[in-house]
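Reading through the structure tokens given below for one structure.
The values are calculated or read from the model by the stated rules, or taken from the named source; none is laboratory data. Not measured: the values here are computed from a predicted model. Virtual Cβ from ideal backbone geometry, glycine too; neighbours counted across all protein chains shown.
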Amino acid sequence: MIIRSSSSRDIPSSEITPYDIYMDRRRFIGRVAAGAAAAALVPGTLTACTDEVEAQEELTPYEDVTSYNNFYEFGTGKSDPAANAHTLRTEPWSIEVSGLVKNPARYALEDFVKPHTVEDRVYRLRCVEAWSMVIPWRGIPLADVVRRLEPLPSAKFIRFETLHDPAQMPGQRAPILDWPYVEGLRMDEALHPLAFLATGLYGRDLPNQNGAPFRLVAPWKYGFKSIKSIVKIEFVERQPVSSWEKSNPREYGFYSNVNPNVDHPRWSQARERRIGEWRKRDTLMFNGYDEVAPLYAGMDLQKNF
Ligand SMILES: Nc1nc2c(c(=O)[nH]1)N[C@H]1C(S)=C(S)[C@@H](COP(=O)(O)O)O[C@H]1N2
Ligand SMILES: [Mo]
């Protein structure tokens, strides 16, 4: 039994309700369970990921996930990306892989994703602005992509870049950040099984405002590390300078792990508001993903914030 990812590109978003999507997802998981044994034998088929987060926490409604966003290329207001990101053309899309790597090339998005097994994963995303969401992502593990590209031993970091095209991204006409948006991960962070390249959410292709056609999801770090609409992946020896670090190194560090013990210079990081709720929750170290702690053993996380 081959389970294929259904594309949402032909379904107007106005017709998708959170209920439809939720039911769709339930049915999808049922199908995967039924076909799990067969799917395991067929490379490139879709598999579901059993996920603790989903069992414990309510998903943030689709409506909120797609209307309350940070994507400065389309404006600095939370509703700007949903209002403005329709000007982004996501087809065709290619990714340029360069630097210290055995397989540098310009890859069409389809070819880039195809060799990998597409998975559904529920991850919390916690913004540095002290709000969070729980999102069912769809995509491929970053580690699988990195291994296939074969970095050289000298590659210590990965540098990611978002599209730079003010014609499609009106926010880039103002010098809010030093465009294009840049982010980076240390190689061992990129190889951690939690690091994910998302192509969809709620079982459908990513809406433009969420970083279509594909974006990083590093769930143990503040949301800004999860760079959207990626066009360049470069393997480098030295720690890249991210856009936020460049704009304000006192407020935004390279690591930016979710850490309730290190306040942002202008506000506390101890608590957060889950979008859709009024009460505040305590923020958890590494956003609750304790399995990444060994990556930072021996590092002073007050200094390397
Ligand atoms: N290219 C780009 N990527 C970006 C941003 C951005 O402004 N531009 N904002 C970041 C921030 S601050 C957050 S919190 C998350 C928000 O992701 P979401 O809108 O899908 O919830 O995207 C991150 N990725
Ligand atoms: Mo953020």
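Please find, within segment 68-117, the residue that is surrounded by the most Cβ atoms within 10 Å (Cβ to Cβ) out of those that are touching a residue at least 24 places away in the same chain (Cβ under 8 Å), within 16 Å of ligand 2 (Cβ to nearest atom) and among the hydroxyl-bearing types (Ser, Thr, Tyr). Applying the filter and picking the extreme gives Tyr72.
Selection over segment 253-287 of residues that are among the hydrophobic types (A, V, I, L, M, F, W, C) and exposed (fewer than 12 other Cβ atoms within 10 Å of the Cβ) gives a count of 2.
Checked against (1) away from ligand 1 (no atom under 13 Å from the Cβ); (2) under 16 Å from the mean Cα position of the chain (by Cα), Val134 meets all criteria but (1).
On the stretch given as segment 194-223, residues that are more than 25 Å from Leu100 (Cα to Cα) and near ligand 1 (Cβ under 9 Å from one of its atoms) total 8.
Note on segment 234-252: among residues that are crowded, with 19+ Cβ neighbours inside 10 Å and of a type in the set (Ser, Thr, Tyr), the one that is nearest to ligand 2 (Cβ to nearest atom) is Tyr252. Pairs are defined by a Cβ separation below 6 Å, a sequence spacing of at least 6 or placement on different chains, a first member in segment 192-220 that is part of a loop (DSSP other than H, G, I, E, B), and a second member that is among the basic types (Lys, Arg) and within 16 Å of ligand 2 (Cβ to nearest atom); the pairs so defined are Gly211/Lys228; Ala218/Lys225; Pro219/Arg124.
Considering only residues in segment 137-148 that are part of a strand (DSSP E or B) and within 16 Å of ligand 1 (Cβ to nearest atom), the one that is nearest to Thr66 (Cα to Cα) turns out to be Trp137. Pairs are defined by a Cβ separation below 8 Å, a sequence spacing of at least 6 or placement on different chains, a first member in segment 241-256 that is on the phi > 0 side of the Ramachandran plot and in contact (Cβ under 8 Å) with a residue 12 or more places away in the chain, and a second member that is among the hydrophobic types (A, V, I, L, M, F, W, C) and part of a loop (DSSP other than H, G, I, E, B); the pairs so defined are Ser256/Val128; Ser256/Phe305. With respect to Glu245, determine if the residue is over 30 Å from Ala85 (Cβ atoms), part of a helix (DSSP H, G or I) and of a type in the set (Asp, Glu). No.
Of the set (1) outside any strand (DSSP E or B); (2) within 14 Å of ligand 1 (Cβ to nearest atom); (3) among the aromatic types (Phe, Trp, Tyr), all apply to Phe112 but (2).
Thr50 - would you say it is part of a loop (DSSP other than H, G, I, E, B), modelled with pLDDT of 95 or more and not hydrophobic (A, V, I, L, M, F, W, C)?
So Thr50 does not fit the description; no.
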